[in-house]
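Notes follow the structure.
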């Protein structure tokens, strides 16, 4: 298996895309540290991996909290060993027009997405540098490329920042044997999308506007992550891969 003997940390892995990514990397042979703010969700994902014969541990942190992230990464390392792969998935979503966008809502959106990606990457990269090999995959969004639309200024700003952060780190970390890439999914059927962001009308429009005539599922993104995390992707860095069914070209 491609990632046999390596340890991966996946944030936001208690559900949705993060859970699918954690399971896919475990199938590739990685030991997986499952990080989520939802303790029960993280435990359920780790239990599923263990039940399938893989290695996993669950850790809990609010990724916007640098100290909590450092503690969670240390706990994961103590159980599974040094980190070789990091996938930053943790996120939140909501619509808020500019006039309704408070400082607190703005800061929380950037705190989870952009600060969280920074905190986790800073904590994980020293292991990769020491080994001379690593993979960082950051989950952005097509909103980070297109602006998203009305009510998504804070979300698009955070996701666009993740893309720029990924490109900058690709320059910085490439000489150390570490690749850094971003994935910008289109609409994916996840609990967050269903609960916070996607009405039936938006869902229908997304399906009708996509050449493949469907919205994505978490496994679509997990497959993309699995490639970027693999040894075969050693010549791919600083890139943005956008699995979106052709809705955005």
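Values quoted throughout were computed directly from the atomic coordinates according to the rules given, and no laboratory measurement underlies them. Remember, it's a predicted structure, so these values are computed and weren't measured experimentally.
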* Asked: Semi-axes, largest first, in whole Å: what does sqrt of 5 times each Cα gyration tensor eigenvalue give for the chain?
  -> 27, 19, 18
* Equivalent-ellipsoid semi-axes of segment 92-138, from the Cα gyration tensor, Å, largest first -> 33, 9, 5
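Using helices alone, what [θ] at 222 nm do you get for the chain, with -39,500 (n - 2.57) per DSSP H run of 4 or more residues, divided over all residues and rounded to the nearest 500? Mind showing how you got there, number by number?
Details: 9 runs with 110 residues, N = 249.
Using -39500 (n - 2.57) per qualifying helix, the result is -14000 deg cm²/dmol.
In whole percent, what relative contact order does segment 1-140 give with Cα contacts below 8 Å and a gap of six or more residues? Display every interim value, and only then the final one.
Numbers: 271 pairs, mean separation 33.9, N = 140.
So the answer I get is 24 percent.
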* To do: Return the single residue from 219, 40, 103 with maximal mean-square fluctuation; model: Gaussian network over the chain, springs between Cα atoms under 10 Å.
  => 103
* Tell me, in nm to one decimal, what length is gained between residue 65 and residue 205 on full extension, where the rule is 0.36 nm per residue of separation less the Cα-Cα distance? -> 46.7 nm
* Taking the Cα centre of each part, how many Å lie between segment 106-165 and segment 168-217? -> 13
* Please give the contour-minus-distance gain from residue 235 to residue 104: 0.36 nm per residue of separation, less the Cα-Cα distance, rounded to one decimal in nm. => 43.2 nm
